[in-house]
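All of the numbers you see were taken from the coordinates with simple rules; none came from a lab. On a predicted model such as this, the values are computed, not experimentally measured, just so you know. Here the Cβ positions follow ideal geometry from the backbone for every residue, glycine too, while neighbour counts run over all protein chains shown.
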Amino acid sequence: MTRIGRVWLGLGVLGLLRSLFDLAAWQVLRPSMPVVANLLGIRPLQARLFPQLFAHLTKVKIAEAILSVAVGVAAYHFLRLAPWSRVALQAICWSALAYVVSFALLWAAIWTKISAGTLVDPSLSDPSNARFVLFAGVAVCTALATGLAVMIASLRSAQIRDAFESARG
C-alpha cells in the first residue's frame, strides 16, 4: 500500500518539477523562437503551425503543474490513510490508464505507417528501425498499463479498504 502512495507522491513531485523547468525554459526560449526556426530550416507549413502549437504552452504547463500538485496531495493523504485519497488515486490511475492506452494506439498507428513507408519519405527512415521503435513503444505502454491495472486492483482490494476503514474508526 505504501508503494502506491510513494510512487504517486514521487510522480507528483517529478511532474511539478518538470512543469516548472519547462515553464522557465520556455520563458527563456520564447523570444528566440524565430531564430531557432530559421536555424532548423523550418518550412513554411511548419512555420505556420509552430506559433499555434506554442501559443498555449504556458497555460498547458501551468495546468500540468496544478495537476501534479493535486496528485502529490492525494498521494500524501493516501499515505496518511485519508478515506477520500483512495478514491482519488483510483481516479488518477484510471485516467493514467486511459492516457497510456490512447497513446499506445496512436503510437502503433503512426509507427505502422512509418514502417510501411506511407507517412514519410522512405529514404528518411529505415523500416527495420521503425518496426523496432513500434515494438519498443508498445512494450513500454503495455508495461505501464499493467502496472496501472495492478495499482487499480490493489486500491480496490478488501485489504486496502479495510485499512482505510480501521483508520477512520
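Over the chain, what portion of Cα pair distances is larger than 28 Å, expressed as a whole percent?
Everything past 28 Å amounts to 45 percent.
By counting other Cβ atoms within 10 Å of each Cβ, how are Arg131, Arg156, Arg3 ranked from fewest to most?
By the 10 Å Cβ count, ascending, the order reads Arg3, Arg156, Arg131.
Whole-Hz Karplus ³J(HN,Hα) for the range 147-159, in order, using 6.51 cos²θ - 1.76 cosθ + 1.60 and θ = phi - 60°, x for Gly and Pro?
x, 5, 5, 5, 4, 4, 4, 5, 5, 8, 5, 5, 4
Rounded to the nearest 500, what is the chain's calculated 222 nm mean residue ellipticity when only DSSP H runs of at least 4 contribute -39500 (n - 2.57) each, over all residues?
Calculated from helices alone, the mean residue ellipticity at 222 nm is -29500 deg cm²/dmol.
Test of understanding: in a Gaussian network model of the chain with alpha carbons linked when under 10 Å, which of Ala116, Ala74, Ala82 would top the mean-square fluctuation ranking?
Fluctuation is largest for Ala116.
Where in the range 78-119 are there trypsin sites (Lys or Arg not before Pro) that are in a DSSP coil and have at most 14 other Cβ atoms within 10 angstrom of their Cβ?
Arg80
Can you list the HN-Hα couplings for the range 70-81, worked out from phi with the Karplus curve (6.51, -1.76, 1.60; θ = phi - 60°), rounded to whole Hz and with x for Gly and Pro?
Here the 3J(HN,Hα) series is 4, 5, x, 5, 4, 5, 4, 6, 5, 5, 8, 6 Hz.
What is the magnitude of the charge dipole of the chain about its Cα centre, with +1 placed on the Cβ of each Lys and Arg, -1 on the Cβ of each Asp and Glu, and no other charges, expressed in debye to the nearest 20?
280
Which net charge results when you count Lys and Arg as +1 and Asp and Glu as -1 among the other residues whose beta-carbon is under 15 Å from that of Ser19?
+1
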